[in-house]
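Engineer: Can you read through this structure? Questions will come right after.
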Amino acid sequence: MKGVLVKDLYIARSNILVMIVSLVVLGFGLSFLLETSALLVLAPVAATTAAFISITSDAASKWNKNVITMPVSRNQIIGEKFLFYILLAILGMLTALVPCVVLTCFGMDITLHSLLLYGSIGMSATLLAGGISLPCAYLFDPEKSQIVFMMSFMASTGIITGLVLLINLVFPVKENILLAFHIVLIISVIWFFISYRIAVKVYQKRDIS
Amino acid sequence: MTNAIMVSGLTKTYQDFVLDHVSFTVPSGSIVGLIGENGAGKSTTINAALGLIQKEDGVVSILDSEELDGDVKEQIGVVFDGSNYPEILSPRKLNRVMKNIYRTWDEQAYLRLLKQFSLPVDKQIRQFSKGMKMKLAISVAFSHHSRLLLLDEATSGLDPVVRDDILDMLLDFVQDEEHSILVSSHITSDLEKIADYIVFIHEGKVVFEKPKDELIERYGIIKCGAAQFDALDKSDIISYRKMDYEWQILVSDRERMQKKYPKALVVPATIDEIMLLYVKGEK
């Protein structure tokens, strides 16, 4: 699996570098307009676009046909893509934290509460979207999966809103906003894992030619 | 003699095509050529053998294992028509990728082959010609101490000089009796040079599996007129074609036919001609 991950890092390298620079610049730029920690909502989502660049590249070069003949199992191929997605999301999150930490050092008021809140929202949206789009990337052709990829982010915001409204039926979200979004994050993690299992199952039976 | 590949009753159904109980073997230490027209089922057979597509029926055993796990795949080198490597990579980056995929990856052998093929190590694959991509794929297949090579139209798109170099490499490879090759190709002249056995697939079925020498040395074509054709014993005929000015009749023992029909012109048959007469001829 390590070799496949190295391949994806090579493919996405320039995209990752652009993403890191953009997020840092945006972080400092945003500080004049709104709370810099809000960047944590956008950062993991933006970072994971590199995963779809690698999926598109794999499809264009028919890499998946080749890699299955190598000592890499179908489970590992899917597992690597989900792992790569999570690593990118974490990288995006860490990059967005850089301007937050620097600005805090220069006296800007960025609270742990806002970091945890925006971080949870960003990560939940990313995991929910990935849980929809990653299995679809192995079900549909690249053009269709790109459309699903874009739609999945819209769907994830809808799902988050729905979940928050449901939680609000159990306890008032406004007074426990952090707890509510942590519950959403946990549900998103579970959804992402279930999605991985589904993708593995689907890919096991899929003809690659 | 053990078999590197044993395919028995391999079946796969598509909407418009059926791979119908295909059976053949690749004995260890030999080169087996898979021939057939476009859409005959050569690639489907290789894809099914490699587990790329799900087979409906049949058994495939590779290197004495019916399960194609990591240990077996470690010993197989595969080359498809096209490099199938991410085009953004360079051969040097591909080396780093492969080093982390194959336990038995031989970096020195890989770099030596790149040099032998005059492939630039730091140029992106997207800038390579088709021939260069094929050479790269062959370099990878030869760089992890494979015991078995599967080549699906791997020599197509290469110029005759490079093709000849690669055929020599394949012949060198099978000098070790543990090594074997299954190669599908449209270029039957290549197979005439290197193959020990020929498996001919037509419309999803194996028409024959024979030693190449038997085909080249024993098979023949009787070229004759209508009267001579009528006089032939029909049980001697494998298939025949009526051409503009003559009849062409495929026979399995040209020396016996020459003795039996001394007035007939019996000429040796190439694999191409044998294939054509099987596909286009009548029985």
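Engineer: Averaging over every viewing direction, what projected area does the convex hull of the Cα atoms of chain B cover, in nm²? Don't skip to the end; give the middle numbers.
Structural biologist: Details: hull surface 67.1 nm².
The number I arrive at for chain B is 16.8 nm².
Engineer: Percent antiparallel among DSSP beta bridges with both residues in the protein assembly as shown, to the nearest 5? Display every interim value, and only then the final one.
Structural biologist: Working: 33 of 50 bridges.
Bridges in the protein assembly as shown that DSSP calls antiparallel: roughly 65 percent.
Engineer: Among B:Gln75, B:Thr25, B:Ile5, pick out the residue whose Cα is farthest towards the positive end of the charge dipole of region B:1-103, where Lys and Arg carry +1 and Asp and Glu carry -1 on C-beta, about the Cα centre.
Structural biologist: B:Gln75
Engineer: With each run of n ≥ 4 DSSP H residues scored as -39500 (n - 2.57), what mean residue ellipticity at 222 nm is computed for chain A after dividing by its residue count and rounding to the nearest 500 deg cm²/dmol? Intermediate results must be reported in sequence, preceding the final value.
Structural biologist: Working: 8 runs with 172 residues, N = 209.
After summing the helix terms and dividing by the residues of chain A, the value is -28500 deg cm²/dmol.
Engineer: Taking +1 at the Cβ of each Lys and Arg and -1 at the Cβ of each Asp and Glu, which of B:Ser65, B:Ser184, A:Ile121 sits farthest along the dipole of the protein assembly as shown towards its positive end, judged by Cα position relative to the Cα centre?
Structural biologist: Going by the charge dipole, the pick is A:Ile121.
Engineer: Could you give the size of the charge dipole of region A:1-130 about its Cα centre, using +1 on the Cβ of each K and R and -1 on the Cβ of each D and E, expressed in debye and rounded to the nearest 20?
Structural biologist: Details: 7 positive and 5 negative charges, 129 e Å.
The dipole of region A:1-130 has a size of about 620 debye.
Engineer: What would the Debye equation give as log₁₀ I(q)/I(0) for region A:142-209 at q = 0.17, 0.27 Å⁻¹, counting only Cα atoms as equal point scatterers?
Structural biologist: Values, matching the q order: -0.76, -1.17.
Engineer: Rounded to the nearest 20 Debye, what is the dipole magnitude of region B:169-283 about its Cα centre when Lys and Arg each give +1 and Asp and Glu each give -1 at the C-beta?
Structural biologist: On the way: 16 positive and 22 negative charges, 166 e Å.
So the magnitude is around 800 debye.
Engineer: Looking at chain A, do any whole DSSP H helices span at least 15 angstrom along their long axis by alpha carbon and average -0.5 or above on Kyte-Doolittle, and which?
Structural biologist: Working: long enough: A:2-30 (38 Å, 1.54); A:49-61 (18 Å, 0.90); A:74-105 (47 Å, 1.54); A:112-137 (36 Å, 1.30); A:142-170 (41 Å, 1.32); A:177-205 (42 Å, 1.64).
Helices meeting the span and hydropathy rule in chain A are A:2-30, A:49-61, A:74-105, A:112-137, A:142-170, A:177-205.
Engineer: Can you give me the Rg/Rh ratio for region A:111-171, using Cα atoms for both radii and the Kirkwood formula for Rh?
Structural biologist: Numbers: Rg = 14.1 Å, Rh = 12.7 Å.
Here Rg/Rh amounts to 1.11.
Engineer: Can you give the alpha-carbon Rg of region B:62-133 over 2.2 N^0.38 Å, where N counts its residues? Don't skip to the answer; put the middle values down first.
Structural biologist: Working: Rg = 13.7 Å, N = 72, 2.2 N^0.38 = 11.2 Å.
Relative to the 2.2 N^0.38 Å estimate, region B:62-133 comes out at 1.22.
Engineer: Evaluate Rg over Rh across region B:219-280, taking Cα atoms for both radii and Kirkwood's formula for Rh.
Structural biologist: Values: Rg = 10.4 Å, Rh = 11.4 Å.
Taking Rg over the Kirkwood Rh, I get 0.92.
Engineer: May I ask you to compute the full-extension gain from A:Thr157 to A:Leu17, defined as 0.36 nm times their residue separation minus their alpha-carbon distance, rounded to one decimal in nm?
Structural biologist: Working: separation 140, 0.36 × 140 = 50.40 nm, distance 2.66 nm.
That works out to 47.7 nm of additional length.
Engineer: Could you give the Stokes-Einstein D for region A:1-123 in µm² per second, using the C-alpha Kirkwood radius, 4 °C, 1.567 mPa s? Working shown, then result.
Structural biologist: Working: Rh = 15.5 Å.
Rounded to a whole number, D works out at 84 µm²/s.
Engineer: For chain B, which DSSP H helices look membrane-span-like by this rule: Cα extent along the axis of 15 Å or more and mean Kyte-Doolittle of at least -1.0? Working shown, then result.
Structural biologist: Details: long enough: B:130-141 (17 Å, 0.58); B:160-173 (19 Å, 0.64).
Counting only whole DSSP H runs, the qualifying helices are B:130-141, B:160-173.
Engineer: Also, quick follow-up: Can you give me the long-range amide H partners of B:Leu149? Hydrogens built in the peptide plane at 1.01 Å from N, cutoff under 5 Å, separation of 5 or more residues or another chain.
Structural biologist: B:Gly77, B:Ser180, B:Ile181, B:Leu182
Engineer: Right, something else. Treat region A:2-205 as a sphere of radius equal to its Kirkwood radius over Cα pairs and apply Stokes-Einstein at 37 °C in a medium of 0.692 mPa s; give the translational diffusion coefficient in µm²/s, rounded to a whole number.
Structural biologist: Working: Rh = 17.8 Å.
In µm²/s, the coefficient rounds to 184.
Engineer: For region B:82-200, what is the largest minus smallest coordinate of the Cα atoms on each principal axis, given in angstrom and ordered from greatest to least?
Structural biologist: Principal extents (Cα only, largest first): 38, 29, 22 Å.
Engineer: For region A:67-186, what size does the Cα cloud have along each of its three principal axes, sorted from largest down, in whole Å?
Structural biologist: If we take the Cα atoms of region A:67-186, the spans are 54, 39, 24 Å.
Engineer: Moving on to the next point. Identify all aspartates and glutamates with a Cα-Cα distance to A:Lys144 below 16 Å; exclude those on the same chain that are fewer than 8 residues away in sequence.
Structural biologist: The reachable aspartates and glutamates, counting only those whose Cα sits under 16 Å from A:Lys144, are A:Asp58.
Engineer: Can you tell me what share of the DSSP beta bridges in chain B is antiparallel? A percent to the nearest 5 is fine. The partial results should precede the final answer.
Structural biologist: On the way: 33 of 50 bridges.
Of the beta bridges lying entirely in chain B, close to 65 percent run antiparallel.
Engineer: Follow-up. Could you work out how much longer the chain between B:Lys223 and B:Gln54 gets when fully extended? Use 0.36 nm per residue separation minus the Cα distance between them, nm to one decimal.
Structural biologist: Working: separation 169, 0.36 × 169 = 60.84 nm, distance 4.47 nm.
Going from the current span to full extension adds 56.4 nm.
Engineer: In whole Å, what three semi-axes, largest first, describe the equivalent ellipsoid of region B:140-283 built from its Cα gyration tensor (square root of 5 times each eigenvalue)? Let's see the in-between values first.
Structural biologist: Details: eigenvalues 247, 42, 36 Å².
Equivalent-ellipsoid dimensions as semi-axes: 35, 15, 13 Å.
Engineer: How large is the charge dipole for chain B, taken about the Cα centre, if only the Cβ atoms of Lys, Arg (+1) and Asp, Glu (-1) carry charge, to the nearest 20 debye? Don't skip to the answer; put the middle values down first.
Structural biologist: Details: 34 positive and 44 negative charges, 142 e Å.
My answer is approximately 680 debye.
Engineer: Here's a follow-up. Equivalent-ellipsoid semi-axes (√(5λ), Cα gyration tensor) for the protein assembly as shown, whole Å, largest first? Don't skip to the answer; put the middle values down first.
Structural biologist: On the way: eigenvalues 704, 112, 62 Å².
Listed largest to smallest, the semi-axes of the protein assembly as shown are 59, 24, 18 Å.
Here, each number is a calculation from the coordinates, and none is a lab measurement. Fair warning: this is a prediction, and the values are worked out from it, not measured in the lab. Here the Cβ is made from the backbone with ideal geometry for all residues, glycine too, and neighbour counts use every protein chain on show.
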